[in-house]
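Encoded as structure tokens, the structure appears first; notes follow it.
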Ligand SMILES: Nc1ncnc2c1ncn2[C@@H]1O[C@H](COP(=O)(O)OP(=O)(O)OP(=O)(O)O)[C@@H](O)[C@H]1O
Ligand SMILES: [Mg+2]
């Protein structure tokens, strides 16, 4: 027990080492949050382009660009994308690592969100589009007023899950020197030469956040299921 | 046929093919203001395709549809403006599940006819009263019975003040005890002079409310007549066979 207290002290309290975790956690949350927003924006855009092409045959070129994006992003490792973003795309520029990381994860997440949203759009009864169109709404008005609100509601739990996935995935951004939660724990380890405390500590923080968000998602799902009934 | 009103639809050599499947085969007819045209025929004969061609949910492969003298199959037609004048009621209602009943009725008038919310609400409540569902205005579609949903779908179309109403088997998805309430709303609409084109298997309704009955078979209008002659003196052998099965 005394041993534990000593170790806790050297790893977290001494020299304010817990600040590595606090700062790292802040960055982890910031990256995740911003990347999810970017991912949702890109994802909805791509999904609308793709399903518009599937339903009406319009927008052949945008559809091809979107398919290329999906293929490349989903066919290459996140780590590689992150490194390309850092060393190739922004290699010559002095851009904040936070921006680089957020862009890389947002663009990556967008590809997965796009497929979630596209299947959400495709699962809406085609009769909804016909009803909207036959009242006199244009295709885009029907999408905006009738199809997308229903889609958004249907995919909200899946989007919240994407947040959880992303939260864990961002742990690789230490590789390009981004100071996130994982990197924070690793720095402590390199100072104290004691892997157990900092790494288990980091794992626990992730676990608690994931469990908390999962509980929220569960609540959200139940809420959505009971409304309108 | 009837000389009651002006020609609303002039349909000439209308063809529709899905791939190599010719579903409508040179259909020509005209529909006048105030007519209640009932379309009957076997399954797969092209009744829905014909009806859906009239509001361009299906694009004709060839032929022309003139509405009030204007060729609507022309590329220059503003389809969205045109569709505002054509009400459509579907077999499966297609109410907007994320909107309340009142919002279902007011969405299009507010967004398309640029009515104020107050005016749209007032008109919608008036329509709800007409079909006896005024107390449902803040309910959601999932809370209604099939018959109630279909009555809402009808007044949702009416809220746009259409010049014609198209019905594609409006009672086919309903439990038998709910068919009557929907047919009653449709009968009242007919009595008020609404031009209606109705695909249905309700032969009693066709006989009582229809002004003209069309028999569509294999993508062709094989017979058309006033209800009395249509049902009592059918001449086409396929129609006789059809009627003997269904009546
Ligand atoms: N979107 C489509 N793509 C391909 N074929 C279609 C399509 N819509 C209809 N068809 C075909 O066209 C034919 C006529 O269909 P339609 O729905 O007009 O018949 P119907 O008379 O309304 O039949 P029912 O009484 O069963 O509703 C059928 O053979 C059908 O398979
Ligand atoms: Mg049909």
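Residues of the range B:61-74 that are more than 16 Å from ligand 1 (Cβ to nearest atom) and part of a loop (DSSP other than H, G, I, E, B): B:68, B:69, B:72, B:73, B:74. Could you tell me whether the range A:90-107 includes any residue that is without any contact (Cβ under 8 Å) to a residue 24 or more places away in the chain, over 20 Å from residue A:28 (Cα atoms) and either surrounded by 15 or more Cβ atoms within 10 Å (Cβ to Cβ) or under 19 Å from the mean Cα position of the chain (by Cα) (or both)? Yes, the range A:90-107 has at least one match.
Kindly check whether there is at least one residue in the range B:223-238 that is closer than 20 Å to residue B:47 by Cβ and within 16 Å of ligand 2 (Cβ to nearest atom). No: zero hits.
Yes/no matrix, rows are residues, columns are (1) more than 14 Å from every other protein chain (Cβ to nearest Cβ); (2) within 16 Å of ligand 2 (Cβ to nearest atom); (3) modelled with pLDDT of 95 or more; (4) within 26 Å of residue B:15 (Cα to Cα):
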site: B:165; (1), (2), (3), (4): no, no, yes, yes
site: B:168; (1), (2), (3), (4): no, yes, yes, yes
site: B:176; (1), (2), (3), (4): yes, no, no, no
site: B:179; (1), (2), (3), (4): yes, no, yes, no
site: B:210; (1), (2), (3), (4): yes, no, yes, yes
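Residue B:122 meets each of the listed conditions (1) more than 9 Å from chain A (Cβ to nearest Cβ); (2) touching a helix residue (DSSP H, G or I) at 6+ places or on another chain (Cβ under 6 Å); (3) free of Cβ contacts under 8 Å to residues at least 60 places away in the same chain apart from (2). Within the range B:76-93, is there a residue that is more than 20 Å from residue B:171 (Cβ to Cβ), away from ligand 2 (no atom under 16 Å from the Cβ) and away from chain A (no Cβ under 14 Å)? Yes. Can you tell me which residues in the range B:36-60 are outside any helix (DSSP H, G or I), touching a strand residue (DSSP E or B) at 6+ places or on another chain (Cβ under 7 Å) and either within 12 Å of chain A (Cβ to nearest Cβ) or within 12 Å of ligand 1 (Cβ to nearest atom) (or both)? Passing the criteria: B:39, B:40, B:41, B:42, B:45, B:46, B:55, B:58. Evaluate the following for residue B:96: is it facing chain A (nearest Cβ under 9 Å) and over 21 Å from residue B:163 (Cα atoms)? The answer is yes for residue B:96. Going through (1) closer than 24 Å to residue A:138 by Cβ; (2) touching a strand residue (DSSP E or B) at 6+ places or on another chain (Cβ under 7 Å) one by one, residue B:104 falls short only on (2). When the range B:155-186 is filtered for residues that are part of a helix (DSSP H, G or I), more than 20 Å from residue B:8 (Cβ to Cβ) and without any contact (Cβ under 8 Å) to a residue 60 or more places away in the chain, the ones remaining, listed by number, are B:155, B:176, B:177, B:178, B:179, B:180, B:181, B:182, B:183, B:184, B:185. Looking at residue A:124, is it within 14 Å of chain B (Cβ to nearest Cβ) and without any contact (Cβ under 8 Å) to a residue 40 or more places away in the chain? So residue A:124 fits the description; yes.
Filtering the range A:32-44 for residues that are closer than 20 Å to residue A:185 by Cβ, surrounded by 14 or more Cβ atoms within 10 Å (Cβ to Cβ) and touching a helix residue (DSSP H, G or I) at 6+ places or on another chain (Cβ under 8 Å) leaves a non-empty set. With respect to (1) within 14 Å of chain B (Cβ to nearest Cβ); (2) under 15 Å from residue A:49 (Cα atoms), the lone exception for residue A:116 is condition (1). Residues being within 14 Å of chain A (Cβ to nearest Cβ) and within 16 Å of ligand 1 (Cβ to nearest atom) are entirely absent from the range B:102-118. Applying the condition of being part of a strand (DSSP E or B) and within 16 Å of ligand 2 (Cβ to nearest atom) to the range B:187-202 and asking which residue is nearest to residue B:165 (Cα to Cα) yields B:197.
The condition (being closer than 24 Å to residue B:88 by Cα, surrounded by fewer than 19 Cβ atoms within 10 Å (Cβ to Cβ) and away from ligand 1 (no atom under 16 Å from the Cβ)) is satisfied by just one residue among B:207, B:212, B:240: B:207. When residue A:200 is tested against (1) within 19 Å of residue A:111 (Cα to Cα); (2) surrounded by fewer than 17 Cβ atoms within 10 Å (Cβ to Cβ); (3) more than 14 Å from chain B (Cβ to nearest Cβ), only condition (1) is not met.
Looking at this structure, is residue A:156 within 14 Å of another protein chain (Cβ to nearest Cβ), in contact (Cβ under 8 Å) with a residue 40 or more places away in the chain, surrounded by fewer than 21 Cβ atoms within 10 Å (Cβ to Cβ) and in contact with a helix residue (DSSP H, G or I) (Cβ under 7 Å, 6 or more places away or on another chain)?
Yes; evaluated as a whole, the condition is true for this residue.
The values are calculated or read from the model by the stated rules, or taken from the named source; none is laboratory data. All figures in this text were calculated on a predicted structure; none of them were measured in a lab. In this analysis, Cβ positions are derived from the backbone assuming ideal geometry, glycine residues included, and neighbour counts consider all displayed protein chains.
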